[in-house]
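Beneath this line is the structure, given in structure tokens, with notes to follow.
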Amino acid sequence: MSAALNLFLNQLLNGLTIGMVYALIALGYTMVYGVIGLINFAHGEVFMVGAYLALTAIWLAASFFPGIPFGLTLLFLILFSMAGASILGALIEKIAYRPLRRSPKLTALITSIGVSFFLQNAVMLIYGSKEQSIPDIVPMTRLKIGAISVSLIQILIFSVSIGLMFFLTWFVKNTKTGKAMRAVSENPEAAQLVGISPNRIIAATFILGSALAAVGGSLFALNYGSINFHDGYLAGLKAFTAAVFGGIGSIPGAMVGGILLGVFEGLGAGYISSEWKDVFAFLLLGAVLLFKPSGIMGNNVSEKV
Amino acid sequence: MLALFPLLDRNAYHLDLATGVGIYVILAMGLNVVVGFAGLLNLGYAAFFAIGAYVYALLSLHAHTPFWIGLPISGVVAMGFGFVIGLPAIRVRGDYLAITTLGFGEIVRIAFNNLSAWTGGPNGLLGIERPKIWAPTWKGHFGFELISFGVSALPYFYLVLVLIAVIAFFLFRLMDSKFGRALVAIREDELAASCMGIPVVQIKLCAFGISSFIAGLAGCVFAAKQTIVTPDSFDFILSVLILAMVVLGGMGNIWGAALGAVVLGFLPEILREFAAYRMLIFGVLMILVMIFRPQGILGGQLIRRELTRPIKEGS
């Protein structure tokens, strides 16, 4: 197969991998935005905390159960990270955002920046400001499919992310909580009238979003082999871009937006320049806002007062 | 009164610190126009500061442009970028502006880092000319001579002080003008304002431009004082720091923003032994101020009502 096609396929694969992670984070942004109309800046930090929790879980597993199969470690680290991040998400909502439920957007937005700063620096103080390397717990085997080689971690990322996306779609569509979430995002007052407690549903949204971000963080850490306390900021920013790209408030939009952004970035890094990789996402954001502010799958979101 | 400060405290380090805080005051007053008066969030303010600094640095190094000509050029270029960035976002909705500016802040920093041929990459640009002024001299006869500001912080201190006074005067006049009242009307109730015939998008964009202009001026002064600019002087933390100053001091209050800048500017010196916890404290401070005193230390009644008013449903 030609080298050009080879490059294309590999960059596509890399893009899809990071795109899955963006999609997992973007879901949290879009769900919280859908329910309370807040851009939760701290969400990227929850992703970063999730990655650090995964690292902690690896340390714990290595010291308490040395020699267990990697599959169990993997399961443990994902569950540990999800549980920890869920608690964090619930706490953030309760301490920082709930007192501001009846305040205008700007107040809550500035608060979320405060939360983001707090989390970044708390993690820096606990784990140190240097990059932490993640032990290789997943075997480095690569599968050859035609000309492209896929690592085991990449297969893991694809299967877990796609699985979670199906689960979320089912959850929002069929469960009582999921239906209540949609009701609150449609009309909070009417939802309250039919006996839905908005506070419970908002808390549930934060918990769900944080758990997804934590899975994203764990997978990201495993794939790149290292994590730093300011990784959440850029990843969060890009995931937000993905959510806007897909149409903020729309769950399938966040998934598609995340994956497309990842692909866009992967191809941009491969064909244009990897130094400018981080700029592409923001150029895309500018273009989306300029030409199609409602995103590819969003409803019409003109400014409401 | 502040002008007498150098006479009372002759410590060069303190003077240098005070000059740095003065630059923060300019930045906080500028950001206040957008955040406080227009009720929009700019999270990439450091980028406009950076543009001002790099514009003067490049002009000085390549064209030997004097500081006094570089100063307005820096402001105007920063303002131009402000219009370009503000337009797509302001047109759509206020909270998208926050993200767009945040993204822009990143792009500018990455661009200054990567465009090594022009900006010196991560090492930055050095050898920027200091300001020169015509000063009266006496050499047997009375005359004028072109004197450079030199390394002492004293002339910069007065330069910054004069700039603060001019900008504050300008902002007070502006807020009393038709434009200022239109801006406050938009912040209070955008729909009602547009029904009264106020061109909402133009007014918001103008506020954004004025704010960027002030950041450009501050950047030029910063570059002339440091004689060196590097991309990492203009990171996201700086944008958040300036925002924290405006929020703490009181959004929508010109002296409030200045007070916030003075408090947070000197805080690191006071909290020296807790340096590692400084940013953590900033985060907590921002949350607490928003929950318990959203109007800040000197916030006006008007913004107080705005910030405690229940959010409208259905948005």
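The values are calculated or read from the model by the stated rules, or taken from the named source; none is laboratory data. It should be emphasised that the depicted structure is a prediction, and the values quoted were computed from it without experimental measurement. Quick reminder, even Gly has a Cβ in these numbers, built from the backbone with ideal geometry, and neighbours come from all protein chains shown. Remember, those area values only see protein heavy atoms, side chains included, never the ligands or the DNA or RNA. Shrake-Rupley method; radii C 1.70, N 1.55, O 1.52, S 1.80 Å.
Values as computed for the structure displayed
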quantity	calculated
Global form of the protein assembly as shown, assessed from the alpha-carbon gyration tensor, a/c cut-off 1.5	prolate
Rounded D (µm²/s) - region A:3-291, Kirkwood Rh over Cα pairs, Stokes-Einstein at 25 °C, 0.890 mPa s	127 µm²/s
For A:S226, distant residues with modelled amide H under 5 Å away	A:I134
Local electrostatic count, B:R278, Cβ distance below 11 Å [Lys/Arg +1, Asp/Glu -1]	-1
Greater than 31 Å apart at Cα, pairs in A:K94/A:K173; A:K144/A:K173; A:K176/A:K277	A:K144/A:K173; A:K176/A:K277
Chain A, helix-only ellipticity at 222 nm - DSSP H runs n ≥ 4, -39,500 (n - 2.57), divided by all residues, nearest 500	-25000 deg cm²/dmol
Sequence of A:S63, B:S211, A:S226 from largest to smallest accessible area, 1.4 Å probe	A:S63, A:S226, B:S211
Accessible area per residue in Å² at 1.4 Å probe, computed on the protein assembly as shown	42 Å²
Most fluctuating residue given options B:A193, B:A117, B:A182, as computed from a GNM of chain B linking Cα atoms under 10 Å	B:A117
Helix A:152-174 vs. chain A, principal-axis angle (Cα, 0 to 90°, nearest 10)	20 degrees
Ellipsoid semi-axes in whole angstrom, largest first, where each is sqrt(5λ) of the Cα gyration tensor of region B:142-289	31, 25, 14
Distance between region A:1-56 and region B:226-241 - C-alpha centres, whole angstrom	28 Å
For chain B: lysine pairs under 30 Å (alpha-carbon distance), excluding those fewer than 8 apart on one chain	5
Scattering curve values for chain B, log₁₀ I(q)/I(0), Debye with Cα scatterers, q = 0.16 Å⁻¹	-1.39
Residues whose placed amide H lies under 5 Å from that of B:I147, excluding near-sequence neighbours	B:I133, B:W134, B:A135
Accessible surface buried upon B-A contact (total; probe 1.4 Å; Å², nearest 100)	4700 Å²
Cβ-derived FRET efficiency at R0 45 Å, B:R272 paired with A:K176, nearest 0.05	0.25
Listed residues A:F240, A:F220, A:F158, most fluctuating in chain A (Gaussian network, C-alpha, under 10 Å)	A:F158
Among B:I23, B:I128, B:I107, residue whose mean-square fluctuation peaks in a GNM of chain B (springs only between Cα atoms under 10 Å)	B:I107
Unit charges on C-beta of K, R, D, E only; dipole of chain B, Debye	440 debye
Angle in degrees between helix B:178-188 and the longest Cα principal axis of chain B, rounded to the nearest 10	50 degrees
Degrees separating the helix A:198-224 axis from the principal Cα axis of chain A, which is the longest one	10 degrees
Value of relative contact order over chain B, rounded to a whole percent, pairs C-alpha under 8 Å and six or more apart	32 percent
Per-residue HN-Hα couplings for region B:45-53 [Karplus 6.51, -1.76, 1.60; θ = phi - 60°; Hz; x = Gly/Pro]	4, 4, 5, 6, 4, 5, 4, x, 5
Residue-count net charge about A:L13 - beta-carbon cut-off 15 Å; Lys, Arg +1, Asp, Glu -1	+1
